[in-house]
1. Would you work out if region 268-412 is rounded, prolate or oblate? Take a ≥ b ≥ c from the square roots of the eigenvalues of the alpha-carbon gyration tensor; rounded if a/c is under 1.5, else prolate when a/b is larger than b/c, oblate otherwise.
2. Quickly rank 148-156, 289-297, 74-82 as a protection proxy: mean count of other C-beta atoms within 10 Å, highest first.
3. Per residue of region 395-406, what does 6.51 cos²θ - 1.76 cosθ + 1.60 with θ = phi - 60° give for ³J(HN,Hα)? Whole Hz please, x for Gly and Pro, Karplus curve as stated.
4. Shape of region 323-407 from its Cα gyration tensor (a ≥ b ≥ c, root eigenvalues): rounded if a/c is under 1.5, otherwise prolate when a/b > b/c, or oblate?
5. Considering only protein heavy atoms and a 1.4 Å probe, what is the carbon-and-sulfur percentage of the accessible area of the chain?
6. At what distance in nm do the modelled label points of T8 and A442 sit from each other, each positioned 7 Å from its Cα along Cα→Cβ?
7. Heavy-atom accessible area per residue, region 357-470, 1.4 Å probe: how many Å²?
8. Which order do the peptides 58-64, 12-18, 456-462 take when ranked by the mean count of other beta-carbon atoms within 10 Å per residue, highest first?
Amino acid sequence: MKIYNTLTRQKEEFVPIEEGKVRMYVCGPTVYNLIHIGNARPMIVFDTFRRYLEYKGYEVRFVSNFTDVDDKIIKKAQEEGVDAGEISSRYIAECKKDMEGMNILPATVHPLATQEIDGMIEMIRTLIDKGFAYAAADGTVYYRTGKFASYGKLSHKNLEDLQAGHRDIKVTGDLKEEPFDFVLWKPKKEGEPAWESPWGQGRPGWHIECSVMSKKYLGDTIDIHAGGEDLIFPHHENEIAQSEAASGKEFSRYWMHNGFLNIDNQKMSKSLGNFFTVREIAQKYDLQVLRFFMLSAHYRSPLNFSAELMDAAASGLERILTAAEQLKRLQRADTAATEAMSAKEAELYEGTGQFQQKFEAAMEDDCNTADAVSAIFELVKYINTNVSSECSASYLQQLYDRLEELCRVLGIVIEQKEEVLDADIEKLIQERQQARKNKDFARADQIREELAAKGITLKDTREGVTWKRA
Ligand code: AMP
Ligand code: ZN
């Protein structure tokens, strides 16, 4: 499998550090608001990449953090007159709801920056001991950027240019040795959350958080580090400088970055009024459509979001879901003489292998989900032309399984949610009442659980039993 490595600016064969295992870190969101559809892009594309790795049989240890201490969180907390912790835990919970709606698998670990402060202090101390960092008189600790010889290797910037660019903007009273030195630890300001440290009370800088969480949950050297392309500089460049100076080892072997999502060909921004949260999109579309839309483009290309493109994604997805439904319907209406596949069907089924191969070839080529989606469309077309109510149940099922397997890699669910009819619910409620009368409480509980699993909750009132759908 080839992936484009930002570090070398070329597609490279992916070779994991340890055979059969992948250690991957994806920078997560800063939680001060509902996530927007731009934040959803790295979540969707790297979740899909992870699913493909798992499909290939890799054991993936996937770590994605929540940045839960930050200026924006503090500002929001001050506006609302609540604790910063209340803001971050509220929006972590909301983010997890959106992730579930977009069918994003939970990470192996979702570390929180505020829970990892000890590790950050330890890494900062190591950097100071090795001469890569220094504490200024006001309690700020800075990274000594000029000492890290390969600074700029990821963003392909060169230190002299950075130096030249910064020379004019050195602020008097600035306690940095050099303008491009960046913050590892900030001293406490009144009303802000702070932790004890050898440099006084304060809080960590953003970059050190990811270096530390990656090291703690994945080790000094990891296979893949990923995020949006805006993170290449300075965030990821600084992470490399911190981690490699501290450990003396390579930090990440491959760096993957997704392109940006624009709205109607413009940068998404609140001031332009073209800013959408995932929650807003969910009011208009099934979030599966948003996921499918994101995957119809290559993850490194810029992606334009518009109502027309979303509608096109919705109808493309519908084509796939209709084919799946058709396979199920034909199975129910099966008129074939036998359950088993005929020789002709076996041959037709064999023919679907080519679409799976196309799908895999696309995914092997730097996670080209756009081509992978095309392979699924070809499979759908093939299915539509090669099925009828005369087909055997096992042939129909195998076609369904092939379609389902490929869609699952993309995180697209083709299985129809089972519709529970009102009448069936009423019938079960009556049965439950009868069971209670007979003192068969086990059966009564079982019915309640059965309904709960289908999203139906029961409420026992004095007037009788009422129910509602989730
Ligand atoms: P943030 O909360 O701003 O740190 O962003 C979380 C993740 O979303 C990072 O990987 C960003 O690169 C990514 N991201 C933010 N805005 C966009 C966008 N418009 N398009 C694609 N990715 C984005
Ligand atoms: Zn990060």
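The values are calculated or read from the model by the stated rules, or taken from the named source; none is laboratory data. Source: prediction; values computed, not measured. Neighbour counts are summed over all protein chains in view; Cβ atoms, including those assigned to glycine, are modelled from backbone coordinates with ideal geometry. Surface accessibility is based on the protein's heavy atoms, side chains included, excluding ligands, DNA and RNA. Shrake-Rupley method; radii C 1.70, N 1.55, O 1.52, S 1.80 Å.
1. prolate
2. Answer by packing, highest mean first, reads 289-297, 148-156, 74-82.
3. After applying 6.51 cos²θ - 1.76 cosθ + 1.60, I find 5, 4, 5, 5, 5, 4, 4, 5, 5, 5, 4, 5 Hz.
4. Cα axes put region 323-407 in the prolate bin.
5. Carbon and sulfur atoms account for 49 percent of the accessible area of the chain.
6. Reported label-point gap for T8 and A442 is 6.3 nm.
7. Here the residues of region 357-470 average 58 Å² of exposed surface.
8. Averaged packing, sorted descending, gives the order 58-64, 12-18, 456-462.
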